[in-house]
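Every number in this text was worked out from the coordinates using simple rules, so none of it is lab data. Since the structure is predicted, the reported quantities are computational estimates derived from the model, not experimental observations. In this analysis, Cβ positions are derived from the backbone assuming ideal geometry, glycine residues included, and neighbour counts consider all displayed protein chains.
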Amino acid sequence: MTDTLAPTPKPGILDIAPYVGGKASIAGIAEPMKLSSNENSLGAGALAREAFAASLSKIHIYPDGHALKLRAGVADHYGLEPGRLIFGNGSDEVFALLNQVYLTAGDNVVVSQYGFLAYQISAKGCEAEVRQAPETNYKCDVEAMLALVDDRTRLVYISSPSNPTGSYNTGEEIRRLHAGLASNVILVVDEAYAEYVAAPDWETSLPLARDAANIVVTRTFSKIHGLGGLRIGFGYAPLAVCQAVDRIRLPFNVNCAGLEAALAALSDEAHQKASRDLVQTWLPRLTQAIRGFGFEVLPSVGNFILVIFPEEGRTASAANEHLMSRGIIVRAVGGYGLPNALRITIGTEDQNRAVLDALSEFAAG
Ligand SMILES: Cc1ncc(COP(=O)(O)O)c(C=O)c1O
C-alpha cells in the first residue's frame, strides 16, 4: 500500500523565514574575527568562568527549576521582587513563552520595522499576525506602533536599544507607548543592550514595569556579561504573567552551569566596567572613522554599529566579501529589510583596527 500522507506543520509554519544567526567561520581561515552576533569581545569575566568551572562537579544533577539562587541575586541586584522574574534559555525564550501564553490564531503582535526578529518568529508559530510599524530615521516610532494596535493585539514589542539599528527610545516615548495601550495588551521592553547605553535621556523601564499590570522588561546575560553560549535571560513581569508562563515553561529550561555563571557575572563589576569602557571608547572612534571613509554609520548606543553602503559600486555585499577576505565576519542584515547595510560588533582594539584597515582599503578600492 502506498501512503502519500505526510506530517503537516500547522498553518504558517513553513512561511516563517528561518532565523539566520551570525556566521562563525570563513573557509580557509583558522581563527576569523567574529563580529557578527554582538557578543562581548572580551569574553566572559573571571568570576563567571570560575563559577562555570566549579559547576562541572554538579552537572549530573538537574538544575533548580525555579532558579532560586539566581532569582535572589537578580532581585537584589536590580531591586526587584523575586517572584516577578521569569528566567529563560536566553531572553529569546522569554519572548517565545509570552507569545505561547498570550497568542492564539488571529491575534496579532505589533513590532517595529527593523525590530529584533526573534519576537516575530515565535509569534508566527502561534498563528498570530505580525504587524510592523514603519520607523522614522531607523528609530521606533511609538505613534506608528499605536496606530497598528487593535482589539486583537495581545503584545507590543520594543527594544531599546534596538538591534540592528542601535537606536533607542527615551523613557518618555516608552511611557507614551504604554499609556496608549489597553490594559490587556502586554508591552514587552527588551533591554538586552541596556548596560552599554551612555545616552542621558535613555532610561530603563524597570521602574515603569513595577507598577504596571501589563509590562514585561527583559534583560540578558549574553551581552555585557559575555555568556551568550550559556543562554540565560530574564523578564521582569507582573505576577499574574509569571504565574501563567510557569504553567507551560519547561521545568528545567535553564541549565545549571548557566545559573552559576550568571550569578557570578552579576557581581563582577570590574568585567562589566571593562566591557562598557571598551565599547564607549571604540563606538565613537569606529563611527567617525567609517563616516570619514564615506559610508553612513547610524548613531548607536549598543555594542555594535550599523553601516549603510551605497546601492551601487561599493555595496554592502562587496564590503562583506572584502571583510571576509581579511578574516572578519560581520552581519549582513538583509533579513531585517536592510540589504544595503552591515552590522559590526565592537571588538577588541586589534579587531577594531583590523575593521578600519579593511574598510579603508575597501573605500579606496
Ligand atoms: C535586541 C535583542 N534582544 C534579545 C537578544 C537575545 O538575547 P538572548 O541571548 O538572551 O536570547 C538579542 C541578541 O542578539 C538582541 O539583539
Classify segment 209-365 as rounded, prolate or oblate from the Cα gyration tensor: take a ≥ b ≥ c as the square roots of its eigenvalues, call it rounded if a/c is under 1.5, otherwise prolate when a/b beats b/c and oblate if not. prolate
Could you run the Karplus curve 6.51 cos²θ - 1.76 cosθ + 1.60 with θ = phi - 60° over segment 319-332 and give me ³J(HN,Hα) per residue in whole Hz, x for Gly and Pro? 5, 4, 4, 5, 4, 5, 5, 9, x, 10, 9, 10, 10, 6
Which residue, T281, A261, V94, has the largest displacement toward the positive end of the dipole of the chain when charges sit on each Cβ (Lys, Arg +1; Asp, Glu -1)? A261
Alpha-carbon centroid distance for the pair segment 275-335 / segment 208-269, whole angstrom: 30 Å
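Would you order M145, M324, M33 from fewest to most other beta-carbon atoms within 10 Å of each residue's own beta-carbon?
If I rank by nearby Cβ atoms, fewest first, I get M324, M33, M145.
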Expected max-MSF residue from V297, V330, V101 in the GNM of the chain (alpha carbon, under 10 Å) is V101
Anisotropy class of the chain from Cα gyration tensor, a/c 1.5 cut: rounded
Sorted by Cβ density within 10 Å, fewest first, the residues C140, C126: C126, C140
Phi to ³J(HN,Hα) by Karplus 6.51 cos²θ - 1.76 cosθ + 1.60 over segment 339-348, Hz, x for Gly, Pro: x, 9, 10, 10, 9, 10, 6, 5, x, 6
Lysine pairs in the chain with alpha-carbon atoms under 18 Å apart, 8 or more places apart or on different chains: how many are there? 6
Nothing charged except the Cβ atoms of Lys and Arg (+1) and of Asp and Glu (-1): what's the magnitude of the dipole of segment 259-365 about its Cα centre? Round to the nearest 20 debye. 160 debye
DSSP-loop GluC sites (Glu not before Pro) across segment 287-365, with at most 16 other Cβ within 10 angstrom: E311, E312
Would you pull out the residues with amide H under 5 Å of V156's amide H, same chain only if 5 or more places away, H placed 1.01 Å from N? V110, I186, L187, V188
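About its Cα centre, how strong a charge dipole does the chain have in debye, to the nearest 20, once Lys and Arg get +1 and Asp and Glu get -1 at the Cβ? Kindly include the intermediate steps, with their values, before the conclusion.
Working: 30 positive and 39 negative charges, 94 e Å.
Computed charge dipole of the chain: roughly 440 debye.
Taking the Cβ of each residue in Y19, Y168 as the centre, tally the other Cβ atoms inside 10 Å and list the residues starting with the fewest.
Details: Y19 11, Y168 27.
So the residues, fewest neighbours to most, are Y19, Y168.
Which of the GluC sites (Glu not before Pro) found in segment 105-159 are loop residues per DSSP with 15 or fewer other Cβ atoms within 10 Å of their Cβ?
Values: sites: E127, E129, E135, E143; in loops: E127, E135.
The qualifying sites are E127.
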Taking the dipole of the chain about the Cα centre (Lys, Arg +1; Asp, Glu -1; charges at Cβ), the one of P161, A199, A27 that reaches farthest to the positive side is A27
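Tell me the relative contact order for the chain as a rounded percent, counting alpha carbon contacts under 8 Å between residues six or more apart. Before the final figure, lay out the partial values.
On the way: 698 pairs, mean separation 85.4, N = 365.
Relative contact order comes out at 23 percent.
Summing -39500 (n - 2.57) over the DSSP H runs of n ≥ 4 in the chain and dividing by its residue number, what mean residue ellipticity at 222 nm do you reach, to the nearest 500 deg cm²/dmol?
Details: 12 runs with 132 residues, N = 365.
Rounded to the nearest 500, it is -11000 deg cm²/dmol.
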Note, ³J(HN,Hα) from phi for segment 191-204, Karplus 6.51, -1.76, 1.60, rounded to Hz, x at Gly and Pro: 10, 4, 10, 3, 5, 8, 6, 10, 5, x, 9, 8, 9, 5
Need one word for segment 194-244: rounded, prolate or oblate. Basis is the Cα gyration tensor (sqrt eigenvalues a ≥ b ≥ c); a/c below 1.5 gives rounded, then a/b vs b/c decides. oblate
